[in-house]
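Enquirer: Provided herewith is a single structure, encoded as structure tokens, for subsequent inquiry.
The values are calculated or read from the model by the stated rules, or taken from the named source; none is laboratory data. Predicted model only: the values in this text are computed from it and were never measured. Note that each Cβ is placed from the backbone with ideal geometry, even for glycine, and that neighbours are counted across all protein chains shown. The area values use the complete protein model at the heavy-atom level, side chains included, leaving out ligands, DNA and RNA. Shrake-Rupley method; radii C 1.70, N 1.55, O 1.52, S 1.80 Å.
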Amino acid sequence: MRKKVELVILLLLLAGLLAVSKNLERYVSSGKVKKAEITVVIDAGHGDQDPGKIGVNDALEKDVNLQIAQKVKKLLKKKNIKVIMTREDDTSLAKDGGGNRKVQDMKARVELINKTKPDLAVSIHQNSYHEEGICGAQVFYYTHSTDGERAAGIMQKALLAVDQENHRQEKADDGYYLLRRTEVPTIIVECGFLSNREEAEKLVDEKYQKKIAKAVVQGIEEFVGSREK
Ligand SMILES: [Zn+2]
């Protein structure tokens, strides 16, 4: 009789263990699936004949944008997040032929984002101002996008990891073509001011660029994670 009871208990234990491991398996694999499904477009602003802003140290915005964008891509890939880059080298997205190259370039970026439907599009830029004292990263979002606004808020906070003294706030904008015409949450990250001597020097520094990239990736992860809940 006791043997029988022991056997039943043993069987129950085994069944319980099996159920737990099955659930665990499901949980782990769903986690994997979810991660692989996340897609982010990283847009390095400007390129080719369009240098963007020119730094007080002669750094070209298009180069700084691409360097940071490449670092963001590398980090996202490590985290199993699918990355689509609008450009991988010093090029324009404008098609050859007539017309305004800048307009064509912007249209092509928007088309790429709308076609690939990422969870988030992050456009990397550097700022400039006529007063040299102005500095600090700032994130922009489309005025009429609540998801964009949330993403910008999360990103602005994530960028505090680069500079805790940065008191800039995310800002709404309804003029930027890229923000206006994209059909997915899109933010523009102005990583810093090339017109500020100190910040311009930092922005061309490899280590500083990595720090920014890490913060941007942190912001992306937090935004995507908050959407899944
Ligand atoms: Zn720019």
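Enquirer: If Glu165 meets every condition in (1) within 16 Å of the ligand (Cβ to nearest atom); (2) free of Cβ contacts under 8 Å to residues at least 40 places away in the same chain apart from one, which number is that one?
Expert: (1)
Enquirer: Residues in the range 123-130: is at least one modelled with pLDDT under 95, open to solvent by 50 Å² or more (accessible area, probe 1.4 Å) and of a type outside the set (D, E, K, R)?
Expert: Checking the range 123-130: not a single residue is modelled with pLDDT under 95, open to solvent by 50 Å² or more (accessible area, probe 1.4 Å) and of a type outside the set (D, E, K, R).
Enquirer: Looking for something among the hydrophobic types (A, V, I, L, M, F, W, C), out of contact with any Ser or Thr (no Cβ under 6 Å at 6 or more places or on another chain), over 14 Å from Thr91 (Cα atoms) and within 12 Å of the ligand (Cβ to nearest atom) - is there at least one such residue anywhere in the range 37-48?
Expert: So far as the range 37-48 goes, no, none of its residues is among the hydrophobic types (A, V, I, L, M, F, W, C), out of contact with any Ser or Thr (no Cβ under 6 Å at 6 or more places or on another chain), over 14 Å from Thr91 (Cα atoms) and within 12 Å of the ligand (Cβ to nearest atom).
Enquirer: Report, by residue number, each residue of the range 188-201 that is within 16 Å of the ligand (Cβ to nearest atom) and in a helix (DSSP H, G or I).
Expert: Across the range 188-201, the qualifying residues are Glu199, Ala200.
Enquirer: Follow-up question, since we're still on this one. With respect to Met106, is the statement that it is touching a Phe, Trp or Tyr at 6+ places or on another chain (Cβ under 8 Å), crowded, with 23+ Cβ neighbours inside 10 Å and modelled with pLDDT of 95 or more true?
Expert: no
Enquirer: Which of the residues belonging to the range 78-91 are open to solvent by 30 Å² or more (accessible area, probe 1.4 Å) and at negative phi?
Expert: Lys78, Lys79, Lys82, Ile84, Glu88, Asp89, Asp90, Thr91 - these are the residues of the range 78-91 that are open to solvent by 30 Å² or more (accessible area, probe 1.4 Å) and at negative phi.
Enquirer: Being open to solvent by less than 40 Å² (accessible area, probe 1.4 Å) and part of a loop (DSSP other than H, G, I, E, B) is the filter here; which residues of the range 163-187 pass it?
Expert: Result: Asn166, Thr182, Val184, Pro185.
Enquirer: Taking Lys62, is it away from the ligand (no atom under 16 Å from the Cβ), of a type in the set (Lys, Arg) and either modelled with pLDDT under 70 or on the phi < 0 side of the Ramachandran plot (or both)?
Expert: No.
Enquirer: Glu201: more than 16 Å from Ala44 (Cα to Cα) and either buried (at least 24 other Cβ atoms within 10 Å of the Cβ) or out of contact with any helix residue (DSSP H, G or I) (no Cβ under 6 Å at 6 or more places or on another chain) (or both), yes or no?
Expert: yes
Enquirer: Turning to a different aspect of this structure: Filter the range 65-77 for residues that are over 19 Å from Leu194 (Cβ atoms) and either open to solvent by less than 10 Å² (accessible area, probe 1.4 Å) or within 12 Å of the ligand (Cβ to nearest atom) (or both) and give the result.
Expert: The one that is over 19 Å from Leu194 (Cβ atoms) and either open to solvent by less than 10 Å² (accessible area, probe 1.4 Å) or within 12 Å of the ligand (Cβ to nearest atom) (or both): Leu76.
Enquirer: Now for a different question. Please state which one of Lys207, Lys229 is at pLDDT below 95 and more than 14 Å from Asn65 (Cβ to Cβ).
Expert: Criteria check complete, one pass: Lys229.
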